[in-house]
Amino acid sequence: MDIHVTVNGRPEVWQAAPGESALELIRRLGYTSVKRGCSQGDCGACTILVDGQAMRACLLVAAQLEGRAVTTAEGLGSLDRPHPLQRAFVDAGAVQCGFCTPGMLLASQALLVETPRPDATAVREALDGNLCRCTGYKKIVEAVLLAAERMA
Amino acid sequence: MSPKREFEVVGKPVAKLDGLALARGGKLFVADLLPRGCLVGRILTSPYAHARIASIDASAAEALPGVHAVLHHGNVPRVMRTTAGQGAPEPSPYDFTTFDRKVRFVGDRVAAVAAESEAIAEEALKRIKVEYEVLPAVLDVRHAMDKGAPVIHDEPDCKVVIPVPYEPGRNLAAHVDTRVGDTAEGYAEADVVLEHEYECQYAQHTPIEPHAALAEPLPDGRLRITTSTQVPFHVRRIVAQALGWPVSRLHVVKPRVGGGFGAKQEVLIEDVAAFLATRAGRPVYLELSRSEEFLSRTRHPMVVRLKTGARKDGSLTAVDLGVLSNTGAYGSHALTVACNCGSKVLPLYRWPRLGFQADAVYTNLPVGGAYRGYGATQAYIAMEIQMDELAQALGLDPLEFRLRNHIRKGETSPIFAALGEGGEGVEQSIDSIGLDACIRQGARAIGWKKKRGKPGAGPLKRGVGMCCLMQGSSIPKVDMGGASLKMNEDGGFNLLVGATDLGTGSDTVLAQIAAEVLGVSVEQIVVRSSDTDLTPFDVGAYASSTTYLSGQAVRKAALDVAGQIREVAAELLDARPAEIALAGGQVRTADGRALPLSRVAMRSLYEHDQRQIAAFASHITHKSPPPFSAHFAEVEVDTETGLVRVVKYVAAVDCGTAINPQLSEGQTEGAVLNGISYALCEEYLFDEKGRMRNDSLREYKIFSTRDMPELVTILVPTYEKTGPYGAKSVSEIGINGPIPAISNAIFDAVGVRLRRAPFTPERVLAALDELAGRQAR
Ligand code: FES
Ligand code: FES
């Protein structure tokens with residue numbers, strides 16, 4: 001089945017197997033920043049932006065992406081020009097193993113688009129569905145606040 | 001006095017070297033590195049807690065198009081060994097083989113397949129016909145050693161490979177008994193003697209990346225295993241053992257690891273991936289599902305009996321610590337985790353007489369393993385709640401009571417010599433300790449004096465509690481770390497280390513140490529870690545060893561390289577080598593002449609008396625200096641619902657010199673939040689057949705951002721002279737505090753002692769009801 005998507009700003013046509021989840025498809029096509037931590041919608045590691053909304057790729061069937069704009073961490077910034085969130089995560093020490101990081105970044109990005117200057121509580125609420133076992137979340141929340149400040 | 005020193009790179013919050021690549025979502029984890037034509041591996045697991053495999057028929061699975069290999073006990077050689085990734089000979093019993101004729105817990109391995117897709121692999125598993133002869137199971141640790149209990153390891157070839165007690169016929173996987181002096185005399189001298197039982201539960205590390213391994217047959221007949229592991233060199237050794245190959249035929253690579261916390265100090269799936277790939281002649285990728293991850297390795301649940309005696313003046317007279325550890329179906333880390341209950345806990349206070357006794361027993365439940373804290377977590381629950389109870393019984397402030405009794409600089413504990421990794425330990429005295437400062441600064445940060453004993457009027461009660469902790473830094477005389485360093489044309493360096501960065505940031509810490517010696521910035525150091533073909537040996541990331549142990553190997557190699565640089569620079573600058581300093585990316589003489597390091601590199605590589613400036617070094621230690629810590633919890637207990645909320649949590653830690661304070665804080669915060677989550681909500685629920693009922697992240701809840709309290713980390717610097725630039729360990733200690741600190745805070749709030757974790761609303765309410773009942777009587 002052909003699926004027409006705009007991924008990280010580029011139009012693409014994806015071939016999905018019947019019933020394939022968006023997570024499996026996206027990873028298969030090489031967007032491996034989208035992580036698989038549970039395939040059950042519980043960890044948030046597979047978070048992507050679909051038309052700007054943070055969603056769990058493992059809970060979407062690939063066909064649901066038809067006509068949508070998808071953003072993954074690969075599309076957030078580049079090595080030379082990282083997104084302010086990526087820079088802030090590194091500066092604040094919010095990246096330990098980094099496995100949760102792409103999902104955290106996208107959930108944060110969705111928040112900052114809606115609420116450019118959130119407070120800590122708003123950040124905590126926005127990231128509630130994204131699990132991290134390494135950091136204790138403190139530096140992640142700080143990183144999002146730092147990015148918001150720098151982007152203001 | 002600890003030497004006061006200023007460093008250029010050490011002690012600075014240098015950004016993690018791999019941070020940006022990770023934040024960009026680079027292809028850095030095993031699952032991102034799959035080659036074309038890679039097969040998918042899946043494992044068939046046991047539905048029964050205890051059964052013999054009467055027959056297994058894999059023909060229908062083998063006949064399925066797209067299936068390339070099916071493995072089971074009938075076609076894989078039986079080699080008894082352990083999955084525990086420890087040094088050789090391992091202290092864990094050899095009670096495991098790749099596939100056995102018996103299954104010993106729900107989730108135990110039965111067979112495995114490699115197929116062209118996950119769907120085909122799943123279908124193949126369904127087509128494997130297994131007949132089980134179901135056996136009675138041991139599901140209660142307290143009855144595991146009863147006369148007539150089912151014997152879990154009745155196979156004649158299970159054994160231990162070091163001389164330690166092992167009685168599988170009684171389900172006894174490990175036993176330890178140590179005493180110093182006559183504790184009965186101590187209790188006779190005491191004014192207060194307390195004895196209670198404490199209990200803690202199963203828990204899983206839940207790294208967000210589950211276990212994952214890729215095995216690829218190479219054109220030269222070797223096999224490369226790319227795996228998410230903490231112990232690449234042990235993986236090589238143990239997989240070679242399983243395959244019956246020399247280690248040189250295996251190449252083990254550790255890419256970035258998505259968290260481990262001990263779960264990946266286990267050679268758990270690499271053997272299966274290796275067998276599948278060699279049979280199929282194709283690359284095979286094997287990843288555990290989240291539910292399988294819960295049944296991989298766990299924290300050993302324990303029942304801890306603790307008896308202590310103290311005099312009215314607050315001095316201690318005796319202690320007896322008794323541990324019953326549930327190692328589950330296999331004895332992975334059974335002995336050493338049990339030993340740690342004593343060796344990392346009893347030295348904290350000056351007990352004149354002490355007894356320590358531990359049994360690790362088999363049950364038909366999930367398998368214990370290494371988990372951050374490694375036994376210390378379990379035993380500190382008992383020790384630090386009971387220290388609070390003792391203080392209460394003596395009418396002393398628990399904080400003053402601990403200040404009075406903790407071990408001091410220059411002192412030793414008989415336990416250090418008596419108890420090591422299964423056998424005797426190594427004598428050591430304490431050279432660096434900042435515990436007083438941890439206690440005082442932590443108390444100030446939580447508001448101890450102001451908040452203690454003021455629960456408030458309404459149904460929401462507040463309380464504060466504290467505890468003290470220590471851990472170790474590597475396993476003395478056992479662990480070895482190696483490093484090699486070479487200089488390149490631009491005055492930069494390649495640092496090759498066997499040490500294993502599993503997200504902790506150890507690559508960065510080790511680069512900082514090298515950079516400090518060489519007078520360069522960390523950007524000048526390219527780190528390659530954990531590749532068994534390229535890097536020197538290292539035991540891997542466990543026992544809080546990397547910074548302290550591998551860091552010292554890096555420092556030695558860097559000092560050697562610095563000496564070689566001075567020699568070449570001396571020729572260039574017409575000075576004596578000893579007069580030359582390395583700083584700011586330059587070599588400098590005292591009279592102010594300087595050249596860039598690249599000049600030295602070019603001369604050594606291309607111009608004169610050419611040679612590669614490089615060095616190898618390795619390091620072992622003769623002591624395991626403990627980091628110390630004091631934790632403080634402020635809780636709110638809802639007396640109507642029983643819900644406990646941690647409002648604020650302060651962890652003050654003495655880890656010597658924090659080579660990278662930001663990473664040290666990160667280690668502490670991660671460990672503390674994991675500990676709080678364990679204290680309040682994480683536990684395994686089983687049905688009556690021994691099957692885990694809550695094997696998903698929805699049902700097995702771990703803390704998320706919404707649950708986090710205000711976390712405060714205080715780094716208290718000391719200088720450990722045996723560590724690199726004064727460093728000790730930091731990664732494990734933080735997880736030991738939350739259960740006792742929170743229990744003690746709950747007592748301060750509502751007057752009930754919770755001795756069994758987790759502190760769920762039901763348990764809290766039950767304890768409150770019981771208290772009300774007692775008060776009514
Ligand atoms: S993989 Fe999608 S939520 Fe965990
Ligand atoms: S950094 Fe490891 S899970 Fe978040």
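The values are calculated or read from the model by the stated rules, or taken from the named source; none is laboratory data. Bear in mind the structure is a predicted one, so any value in this text is a computation, not a measurement. Every residue, glycine among them, receives a Cβ derived from its backbone with ideal geometry; neighbour counts consider all protein chains shown. SASA here: full protein model, heavy atoms, side chains in, ligands and nucleic acids out. Shrake-Rupley method; radii C 1.70, N 1.55, O 1.52, S 1.80 Å.
Per the conditions (1) open to solvent by less than 10 Å² (accessible area, probe 1.4 Å); (2) within 22 Å of the chain's Cα centre (by Cα); (3) over 16 Å from B:S729 (Cα atoms), the sole criterion not satisfied by B:L549 is (3). Within region B:446-465, the set of residues being in a helix (DSSP H, G or I), in contact (Cβ under 8 Å) with a residue 12 or more places away in the chain and open to solvent by 30 Å² or more (accessible area, probe 1.4 Å) comprises B:K451 only.
Looking only at residues of region A:105-138 that are basic (K, R) and in contact with a helix residue (DSSP H, G or I) (Cβ under 6 Å, 6 or more places away or on another chain), we find that the one that is farthest from ligand 2 (Cβ to nearest atom) is A:R117.
Hey, any hits in region B:65-83 for a residue that's surrounded by fewer than 22 Cβ atoms within 10 Å (Cβ to Cβ), within 14 Å of chain A (Cβ to nearest Cβ) and in contact with an Asp or Glu (Cβ under 6 Å, 6 or more places away or on another chain)? Checking region B:65-83: at least one residue is surrounded by fewer than 22 Cβ atoms within 10 Å (Cβ to Cβ), within 14 Å of chain A (Cβ to nearest Cβ) and in contact with an Asp or Glu (Cβ under 6 Å, 6 or more places away or on another chain). Among the residues of region B:648-664, write down those that are open to solvent by 10 Å² or more (accessible area, probe 1.4 Å), within 11 Å of another protein chain (Cβ to nearest Cβ) and over 17 Å from the mean Cα position of the chain (by Cα). Across region B:648-664, the qualifying residues are B:P661, B:Q662. The residue that is surrounded by the fewest Cβ atoms within 10 Å (Cβ to Cβ), counting only those in region B:235-261 that are within 14 Å of another protein chain (Cβ to nearest Cβ) and under 16 Å from B:D538 (Cα atoms), is B:P255.
Out of B:T206, B:T227, one residue alone is at pLDDT 95 or above, β-branched (V, I, T), at positive phi and open to solvent by less than 20 Å² (accessible area, probe 1.4 Å). It is B:T206.
The residue that is nearest to ligand 2 (Cβ to nearest atom), among those in region A:79-89 that are within 19 Å of B:G503 (Cα to Cα) and buried (at least 24 other Cβ atoms within 10 Å of the Cβ), is A:F89. For region B:194-215, the candidate set comprises residues that are of a type outside the set (D, E, K, R) and under 21 Å from B:D271 (Cα atoms); within that set, the residue that is farthest from ligand 2 (Cβ to nearest atom) is B:A215. Within region A:101-128, the set of residues being at the interface with chain B (Cβ under 7 Å from one of its Cβ atoms) and open to solvent by 10 Å² or more (accessible area, probe 1.4 Å) comprises A:R124, A:E125, A:D128. For region A:52-73, a tally of residues being more than 6 Å from ligand 1 (Cβ to nearest atom), open to solvent by 10 Å² or more (accessible area, probe 1.4 Å) and either of a type in the set (S, T, Y) or over 12 Å from the mean Cα position of the chain (by Cα) (or both) returns 10.
Taking region A:79-98 as the range and being within 7 Å of chain B (Cβ to nearest Cβ) and either farther than 18 Å from A:V123 by Cα or within 16 Å of ligand 1 (Cβ to nearest atom) (or both) as the test, the residues that pass are A:L79, A:P82, A:Q96, A:C97, A:G98. Within region B:266-281, the set of residues being open to solvent by less than 10 Å² (accessible area, probe 1.4 Å), out of contact with any helix residue (DSSP H, G or I) (no Cβ under 7 Å at 6 or more places or on another chain) and either outside any helix (DSSP H, G or I) or not assigned by TED's automatic domain parsing to the domain that holds B:E216 (or both) comprises B:E266, B:I269. For region B:466-521, how many residues meet the condition of being under 25 Å from B:G734 (Cα atoms) and either free of Cβ contacts under 8 Å to residues at least 24 places away in the same chain or in a strand (DSSP E or B) (or both)? Number satisfying all stated conditions: 6. Screening A:I26, A:I48 for residues that are within 15 Å of ligand 1 (Cβ to nearest atom), open to solvent by less than 40 Å² (accessible area, probe 1.4 Å) and in a strand (DSSP E or B) leaves exactly one candidate, A:I48.
Of all residues assigned to region B:207-219, at least one qualifies as being within 14 Å of another protein chain (Cβ to nearest Cβ), of a type in the set (G, A, S) and touching a helix residue (DSSP H, G or I) at 6+ places or on another chain (Cβ under 7 Å).
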